Amino acid sequence: MHSTLIQIRFSDIDTLNHINNAKFPTFMEIGRIQYFKDVVAGTHNWKDTGVLVANYTMDFKIPIYLNDVLSIETEVTAVGTKSLTFSYRFVVEGDSGPIVKATGTSVMVCFHYIDQRSIPVPDLWRERINAYQGSDF
């Protein structure tokens, strides 16, 4: 899986002293953007074409706190005709190794912003995802 270190800020914490559940979609976005930069498109022109969030889910297992060292692991688990499904693991380094504190998914629809319509997943994206993950989407 692709891994991105997340800097937890004081403003991410709620009155219960853990990361507020509303922050997780932003962390998913950070992981997904870094995945795109490193794996998929690097210098892609996001003003013309990109992706839109169609759906996301979260499963919260263990609270994440301000001083935790948090990474988000990102992986493409499915490539459809016009969509990409991402899976995320929110991992904190524990005394005896990594601990998965939350998991999530998002379905991203490829979109042409100028024409305002969905588009097929670009062949280049599919090729680079396959090469990086050793899969055949």
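Derivation of every value follows stated rules applied to the coordinates shown; laboratory data play no part. These numbers were taken from a predicted model, which means no experiment stands behind them. Ideal geometry is used to build each Cβ from the backbone, glycine not excepted, and the neighbour counts take in all protein chains shown.
So the values come out like this:
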| read-out | value |
| --- | --- |
| Partner aspartates and glutamates for K47 [C-alpha distance under 14 Å; skip if fewer than 8 residues away on the same chain] | D115 |
| Added length on full extension, which subtracts the Cα-Cα distance from 0.36 nm per residue, N55 to Q7 | 14.8 nm |
| Virtual paramagnetic centre 7 Å along Cα→Cβ of Y65, amide N under 13 Å, in the stretch 1-32 | 16-19 |
| Reachable lysines, given that their alpha-carbon falls under 16 Å from the alpha-carbon of K101 and they are not under 8 places away in the same chain | K23, K61 |
| Whole-Å semi-axes of the stretch 47-137's equivalent ellipsoid (Cα gyration tensor) | 30, 16, 11 |
